[in-house]
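**Student:** Could you have a look at this structure, given as structure tokens, before my questions?
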Amino acid sequence: MNYDAHANIFWGALRALPEKYCRLPGVPESLPALAANYPDLFDDPTRSEESKNAVDAEWRRFIDFPPERAGAARLHFFPGPMDRQVERIGLYRCMLERIVHSLQERNFTAFIKHAGCLSHAMGDAVQPAHITPDPNNFLLSQMLPVPEDPQLLDFHYHTSVEAVTGTCGTLAEPKLLGVSIEEAAWRLSVDVLLAIRHCRRYIIPTVEALFAHDTGRAEQLAAGPVTVAAQLTLDALFSAILIAEKRVGKLPPVDLRLIPPAAERHDLVYGGAILDGNKKMPPNNVPVTPGALRVGGKIVHLPGLGVLPHSGMQFDRSCYMSWILPAGVFRYFTALAGLHAEIGTGGAVAFSVLLDGKTVWNSGRMTAEMEAWNVEIPLGEATELTLRTDDANEGKSFWNNNAYWGRPQLHRSPETEQEK
């Protein structure tokens with residue numbers, strides 16, 4: 001994002017907040033655009049310390065972060081690539097803490113500066129030029145080589161795309177990310193990861209528009225990531241405001257179907273967990289089948305994640321999904337586990353739940369004719385939850401091992417039945 005795009009992101013988020021946060025007492029009208037660009041202004045090694053101090057003598061307190069809390073000394077120096085958002089949870093937690101503290105102290109100037117830096121982080125995270133799987137753009141340059149055009153001699157896959165300014169579109173109603181800073185930082189990292197996966201789609205059409213000298217089309221495309229970044233910023237600031245004002249209320253259980261795992265392994269022919277169903281195997285373009293488990297003597301269709309243990313050709317005959325959890329936020333994990341009651345006939349698997357790498361529950365051998373297990377696991381202070389499924393038929397029923405984790409949820413309190 002360039003200077004104007006970062007400003008558009010922050011202004012878009014601020015204008016969608018309750019009106020009193022758009023014009024805070026003692027905050028100059030020019031500050032939001034400037035604050036949204038603090039990381040670029042103060043991380044610039046070509047600028048002298050004197051020139052930085054002239055802009056804001058306290059600039060370090062807004063873009064520097066304790067290494068033990070955030071894993072990075074400065075906002076731009078995130079640990080790991082953009083799509084490893086788990087490593088940024090500490091950074092987001094630190095930023096949200098500062099925003100909440102500024103609001104509680106009624107230091108609105110500090111609030112705008114900290115919030116501007118957060119919006120900058122959101123813009124950098126979803127900028128298509130930043131999030132290609134190939135950071136040096138070698139693969140992109142081979143798929144989309146620069147045309148032999150004198151006007152494109154200085155084209156650069158990163159800086160030329162980043163130079164396009166996008167406007168902020170209409171934002172959705174802000175949502176509460178968590179009942180605590182810890183949960184809000186965790187959820188923000190999840191939403192950023194989903195936003196990254198969404199915004200990668202803009203890179204190829206944007207490059208094609210620039211090759212065609214279609215500036216209007218490029219700017220139209222740039223509005224997509226700007227709007228996404230503004231929505232991420234809006235949700236984070238809205239959550240910080242409610243936490244600061246102690247108005248968070250209650251939230252429903254977290255649906256793990258919609259949270260991307262931090263790590264997972266599935267059989268290649270299956271292609272990963274199937275949302276709300278299983279594939280009938282072999283994979284001959286057969287549509288996804290709605291998930292079905294035996295519950296209370298009946299076949300029940302319900303939301304969940306369909307999986308298939310690995311064939312054993314490269315790994316052991318298992319598959320798994322692991323999620324990083326905010327310590328102490330969630331009390332219980334619940335799910336229904338069983339083979340698909342309609343297309344799992346002849347299969348046999350065993351389900352396991354692991355906390356921090358240790359098995360805490362195992363179903364034993366299950367077939368499609370058996371009732372689904374009602375799983376309820378206390379989480380304690382665990383920071384990693386793994387759902388594992390193993391073949392239990394010595395590899396003889398690979399195509400039929402259609403296993404299903406129904407309604408996988410994280411609960412904040414022990415009253416799981418009421419929450420359901």
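The values are calculated or read from the model by the stated rules, or taken from the named source; none is laboratory data. On a predicted model such as this, the values are computed, not experimentally measured, just so you know. For neighbour counting, all protein chains shown are included, and Cβ atoms are generated from backbone atoms with ideal geometry for every residue, glycine included.
**Student:** For region 273-295, check the following and say yes or no: at least one residue is within 21 Å of the chain's Cα centre (by Cα), in the same structural domain as residue 372 (by TED's automatic domain parsing) and surrounded by fewer than 15 Cβ atoms within 10 Å (Cβ to Cβ).
**Tutor:** yes
**Student:** Regarding region 26-36, can at least one residue be identified that is in a loop (DSSP other than H, G, I, E, B) and surrounded by 17 or more Cβ atoms within 10 Å (Cβ to Cβ)?
**Tutor:** Going through region 26-36, the residues in a loop (DSSP other than H, G, I, E, B) turn out to be 26-30, 36.
Next cut, surrounded by 17 or more Cβ atoms within 10 Å (Cβ to Cβ) only: 27, 36.
Yes, that holds for at least one residue.
**Student:** Quick check on this structure: which one of 341, 368, 350, 327 is outside any loop (DSSP other than H, G, I, E, B), touching a residue at least 12 places away in the same chain (Cβ under 8 Å) and not basic (Lys, Arg)? Give the steps one after another, and end with the answer.
**Tutor:** On the way: 341 fails: outside any loop (DSSP other than H, G, I, E, B); 368 fails: outside any loop (DSSP other than H, G, I, E, B); 327 fails: outside any loop (DSSP other than H, G, I, E, B).
Going through 341, 368, 350, 327 in turn, just one is outside any loop (DSSP other than H, G, I, E, B), touching a residue at least 12 places away in the same chain (Cβ under 8 Å) and not basic (Lys, Arg): 350.
**Student:** Yes or no: residue 360 at pLDDT 95 or above, surrounded by fewer than 18 Cβ atoms within 10 Å (Cβ to Cβ), of a type in the set (A, V, I, L, M) and assigned to a strand (DSSP E or B)?
**Tutor:** In short, yes.
**Student:** On to the next question. Confirm whether residue 221 is of a type in the set (A, V, I, L, M) and under 24 Å from residue 5 (Cα atoms).
**Tutor:** Numbers: of a type in the set (A, V, I, L, M): yes; under 24 Å from residue 5 (Cα atoms): yes.
Considered against the rule, which asks whether it is of a type in the set (A, V, I, L, M) and under 24 Å from residue 5 (Cα atoms), residue 221 comes out as yes.
**Student:** Is there a residue being under 26 Å from residue 303 (Cα atoms), in contact with a Gly (Cβ under 9 Å, 6 or more places away or on another chain) and either without any contact (Cβ under 8 Å) to a residue 24 or more places away in the chain or aliphatic (A, V, I, L, M) (or both) anywhere in region 237-259? Don't jump to the end; show me each part of the working.
**Tutor:** Of all residues in region 237-259, those under 26 Å from residue 303 (Cα atoms) come to 250-259.
When the remaining residues are screened for being in contact with a Gly (Cβ under 9 Å, 6 or more places away or on another chain), the result is 251, 257.
Pick out the ones that are also either without any contact (Cβ under 8 Å) to a residue 24 or more places away in the chain or aliphatic (A, V, I, L, M) (or both) and you get 251.
Yes.
**Student:** So, of the residues in region 334-353 that are surrounded by fewer than 20 Cβ atoms within 10 Å (Cβ to Cβ) and not β-branched (Val, Ile, Thr), which turns out to be farthest from residue 374 (Cα to Cα)?
**Tutor:** Per the stated criteria, the residue is 346.
**Student:** Regarding residue 36, is this residue under 21 Å from residue 219 (Cβ atoms), touching a Cys at 6+ places or on another chain (Cβ under 9 Å) and among the hydrophobic types (A, V, I, L, M, F, W, C)? Even if it seems obvious, please write down each step before you answer.
**Tutor:** On the way: under 21 Å from residue 219 (Cβ atoms): yes; touching a Cys at 6+ places or on another chain (Cβ under 9 Å): yes; among the hydrophobic types (A, V, I, L, M, F, W, C): yes.
Yes: the conditions hold for residue 36.
Results for (1) modelled with pLDDT of 95 or more; (2) closer than 29 Å to residue 9 by Cα; (3) part of a strand (DSSP E or B), shown as yes or no for each residue.
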| position | (1), (2), (3) |
| --- | --- |
| 225 | yes, yes, no |
| 241 | yes, yes, no |
| 247 | no, yes, no |
| 268 | no, no, no |
| 300 | yes, no, yes |
| 311 | no, no, no |
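**Student:** Restrict the check to region 127-138 and report whether at least one residue is under 22 Å from residue 14 (Cα atoms) and buried (at least 24 other Cβ atoms within 10 Å of the Cβ).
**Tutor:** So in region 127-138, the residues under 22 Å from residue 14 (Cα atoms) come out as 127.
Still in the list and also buried (at least 24 other Cβ atoms within 10 Å of the Cβ): 127.
Yes, there is a match, as at least one residue in region 127-138 is under 22 Å from residue 14 (Cα atoms) and buried (at least 24 other Cβ atoms within 10 Å of the Cβ).
**Student:** If we scan region 254-265, do we find a residue that is of a type outside the set (Gly, Ala, Ser), in contact with a Cys (Cβ under 8 Å, 6 or more places away or on another chain) and not in a helix (DSSP H, G or I)?
**Tutor:** Residues of region 254-265 of a type outside the set (Gly, Ala, Ser): 254-261, 264-265.
Going one step further and asking which of them are in contact with a Cys (Cβ under 8 Å, 6 or more places away or on another chain), we end up with 264-265.
Of the ones still in play, those that are also not in a helix (DSSP H, G or I) are 264-265.
Yes - at least one qualifying residue is present in region 254-265.
**Student:** Mind checking which residues of region 382-409 are at pLDDT below 95 and either farther than 16 Å from residue 308 by Cα or charged (D, E, K, R) (or both)?
**Tutor:** Those that are at pLDDT below 95 and either farther than 16 Å from residue 308 by Cα or charged (D, E, K, R) (or both): 394, 396.
**Student:** Kindly indicate whether any position in region 307-318 is touching a Phe, Trp or Tyr at 6+ places or on another chain (Cβ under 6 Å) and touching a residue at least 40 places away in the same chain (Cβ under 8 Å).
**Tutor:** Here is the first cut: in region 307-318, the ones touching a Phe, Trp or Tyr at 6+ places or on another chain (Cβ under 6 Å) are 308, 311.
Going one step further and asking which of them are touching a residue at least 40 places away in the same chain (Cβ under 8 Å), we end up with 308, 311.
Yes, some residue in region 307-318 is touching a Phe, Trp or Tyr at 6+ places or on another chain (Cβ under 6 Å) and touching a residue at least 40 places away in the same chain (Cβ under 8 Å).
This table checks each residue for (1) surrounded by fewer than 21 Cβ atoms within 10 Å (Cβ to Cβ); (2) modelled with pLDDT under 95; (3) of a type in the set (Phe, Trp, Tyr); (4) under 16 Å from the mean Cα position of the chain (by Cα).
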{"site": "67", "(1), (2), (3), (4)": "yes, yes, no, no"}
{"site": "72", "(1), (2), (3), (4)": "yes, yes, no, no"}
{"site": "75", "(1), (2), (3), (4)": "no, yes, no, no"}
{"site": "78", "(1), (2), (3), (4)": "yes, yes, yes, yes"}
{"site": "86", "(1), (2), (3), (4)": "yes, yes, no, yes"}
{"site": "91", "(1), (2), (3), (4)": "no, yes, no, yes"}
{"site": "96", "(1), (2), (3), (4)": "no, no, no, no"}
{"site": "115", "(1), (2), (3), (4)": "no, no, no, no"}
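**Student:** Test residue 109 against the criterion of being surrounded by fewer than 21 Cβ atoms within 10 Å (Cβ to Cβ) and within 21 Å of residue 17 (Cβ to Cβ), and give yes or no.
**Tutor:** On the way: surrounded by fewer than 21 Cβ atoms within 10 Å (Cβ to Cβ): yes; within 21 Å of residue 17 (Cβ to Cβ): yes.
Yes: the conditions hold for residue 109.
**Student:** Of everything in region 145-186 that's of a type outside the set (A, V, I, L, M), assigned to a helix (DSSP H, G or I) and touching a residue at least 12 places away in the same chain (Cβ under 8 Å), which residue is surrounded by the most Cβ atoms within 10 Å (Cβ to Cβ)?
**Tutor:** Looking only at region 145-186, we keep the residues that are of a type outside the set (A, V, I, L, M), and these are 145, 147-151, 154-160, 162, 165-170, 173-175, 178, 180, 182-183, 186.
Add one more test, that the residue is assigned to a helix (DSSP H, G or I), and what stays is 150-151, 159-160, 162, 182-183, 186.
The next check asks that each one be touching a residue at least 12 places away in the same chain (Cβ under 8 Å); those that pass are 151, 159-160, 162, 182-183, 186.
Details: 151: 9, 159: 11, 160: 18, 162: 18, 182: 17, 183: 24, 186: 26.
Out of the qualifying residues, it is 186.
Yes/no per residue for (1) assigned by TED's automatic domain parsing to the domain that holds residue 162; (2) in contact with a helix residue (DSSP H, G or I) (Cβ under 6 Å, 6 or more places away or on another chain); (3) of a type in the set (D, E, K, R):
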| residue | (1), (2), (3) |
| --- | --- |
| 180 | yes, no, no |
| 184 | yes, yes, no |
| 193 | yes, yes, no |
| 197 | yes, no, yes |
| 205 | yes, yes, no |
| 211 | yes, no, no |
| 219 | yes, no, yes |
| 223 | yes, no, no |
| 226 | yes, yes, no |
